[in-house]
Amino acid sequence: MKITDAFLGEHAVFYAQFDECETLLDRGSLEILKQAAAVIASALESHAELEDRLLFGPLAAQDDDPGIFQLMEEEHVVIAGFLHAIAAARDADRASELLGEMIAAARAHFQREESVAFPRAEHALGIKQLQRLGVEWAAARGVAMEVQTAV
């Protein structure tokens, strides 16, 4: 499995979580909003760390035009900032506002990854390298995966 496919699968799970969190924006208590954000934060920060370490960081260092990969890393920091601000929020209205902004930022970020960054990564790395990185992703996630080679 290509690492980009693994990250796309993770995005699908986040989209479902974002949908659920959006139902809480107008009616969730401060505690519920913080709990929802904390669940997303634990997974999203791990997701971003793996993308940066396994894919975007190395590509930014070797690509002739590293801008998109640097932008992806910068957006990870922005999204994490929203999550930390939600954890520090003192009222439900502010937490709701921040959670909505975080979801919007994350959705836009994922769309840039899916439409620009991942295709650039696939072009730059090729199938064998993408599959090798997929094995590294699986090991980091504790996922049992049969190693396949490109035909």
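Grab the beta carbon distance between ALA108 and ALA144, set R0 = 41 Å, and tell me the FRET efficiency rounded to 0.05.
The formula returns an efficiency of 0.80 here.
Expected output is a single nm value to one decimal: the length gained when fully extending between ILE127 and ALA61, i.e. 0.36 nm times separation in residues minus the C-alpha distance. What is it?
Full extension of this stretch gives 21.8 nm more.
Per the helix-only calculation at 222 nm, which mean residue ellipticity applies to the chain, given -39500 (n - 2.57) for every DSSP H run of n ≥ 4 and division by its residues, nearest 500 deg cm²/dmol?
On the way: 6 runs with 114 residues, N = 151.
Counting only the DSSP helices, I get -26000 deg cm²/dmol.
So if the hydrodynamic radius of the chain is defined as the Kirkwood radius over C-alpha pairs, what does Stokes-Einstein give as its diffusion coefficient at 20 °C and 1.002 mPa s, in µm² per second?
For these conditions, the coefficient is 132 µm²/s.
Each reported figure results from applying straightforward, stated rules to the coordinates on display, with no laboratory input. All of these numbers come straight from a predicted model, not from anything done at the bench. Glycine gets a Cβ as well: all are built from the backbone with ideal geometry, and neighbour counts include every protein chain shown.
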